[in-house]
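The values are calculated or read from the model by the stated rules, or taken from the named source; none is laboratory data. Note that the structure is a prediction, hence the values are computed from the model and not measured. Cβ coordinates were reconstructed from backbone atoms using ideal geometry, including for glycine residues, and neighbour counts include every protein chain displayed. Areas reflect the complete protein model, heavy atoms only, side chains present, ligands, DNA and RNA absent. Shrake-Rupley method; radii C 1.70, N 1.55, O 1.52, S 1.80 Å.
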Amino acid sequence: MAGYHTKQREWILNFLIENPEKHLAADDLVEHFRQQGTAIGKATVYRHLDRLVEEDLVRKYVIGDGTSACYQYCGDDENRHLHHHLKCTGCGKLFHVECTYLNEIMKHVEQQHHFVVDFSKTVLYGLCDTCKNKGETT
């Protein structure tokens, strides 16, 4: 499958590479290419995303709250699995966080409790600053 390279695959991969800090849904990609005047069907986007995930170039995140899966370019970064996610319950935004303190907590969980946490499925829920501040002013 790794040899299956098309223009659409390259467009999708390049868009993800250009937006490495974003968690993008398939619909985001379809809309981006539609706005660029390039029609790529949703099934084609999903097929290429699945292959990029298999190739370990893209990471797939499933939050599990009824929202679509998100994808993020991870490339050759050997630490790409060592990050955490914060989800705002106010606006729904998903934040990608690299935090040494949280990494230490995960090491503690593994060493002391003999449990390895799956970083791609670990989400802390709360309020972002914007939503927290909105609540304080109302």
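Test VAL116 against the criterion of being more than 18 Å from the chain's Cα centre (by Cα) and open to solvent by 40 Å² or more (accessible area, probe 1.4 Å), and give yes or no.
Considered against the rule, which asks whether it is more than 18 Å from the chain's Cα centre (by Cα) and open to solvent by 40 Å² or more (accessible area, probe 1.4 Å), VAL116 comes out as yes.
Run LYS121 past the list (1) surrounded by 13 or more Cβ atoms within 10 Å (Cβ to Cβ); (2) under 23 Å from the mean Cα position of the chain (by Cα) and report the number of the one that doesn't hold.
Here LYS121 clears every test but (1).
Scan segment 1-56 residue by residue and report those that are under 23 Å from HIS84 (Cβ atoms) and either modelled with pLDDT of 95 or more or of a type outside the set (Val, Ile, Thr) (or both).
So in segment 1-56, the residues under 23 Å from HIS84 (Cβ atoms) come out as 16-17, 19-25, 28, 49, 52-53, 56.
Selection gives LEU16, ASN19, PRO20, GLU21, LYS22, HIS23, LEU24, ALA25, ASP28, LEU49, LEU52, ASP56.
Any residue at all in segment 72-89 that's farther than 16 Å from GLU10 by Cα, part of a loop (DSSP other than H, G, I, E, B), modelled with pLDDT of 85 or more and more than 11 Å from the chain's Cα centre (by Cα)?
Going residue by residue through segment 72-89, those that are farther than 16 Å from GLU10 by Cα are 76-89.
Next cut, part of a loop (DSSP other than H, G, I, E, B) only: 76-83, 89.
Subsequent filtering for residues that are modelled with pLDDT of 85 or more retains 89.
Still in the list and also more than 11 Å from the chain's Cα centre (by Cα): 89.
Looking for residues that are farther than 16 Å from GLU10 by Cα, part of a loop (DSSP other than H, G, I, E, B), modelled with pLDDT of 85 or more and more than 11 Å from the chain's Cα centre (by Cα), one finds at least one in segment 72-89, hence yes.
If the Cβ limit is 8 Å and pairs must be 6+ apart or interchain, which residue in segment 103-115 that is closer than 13 Å to HIS83 by Cα pairs with which residue that is assigned to a loop (DSSP other than H, G, I, E, B) and not β-branched (Val, Ile, Thr)?
ASN103/LEU82
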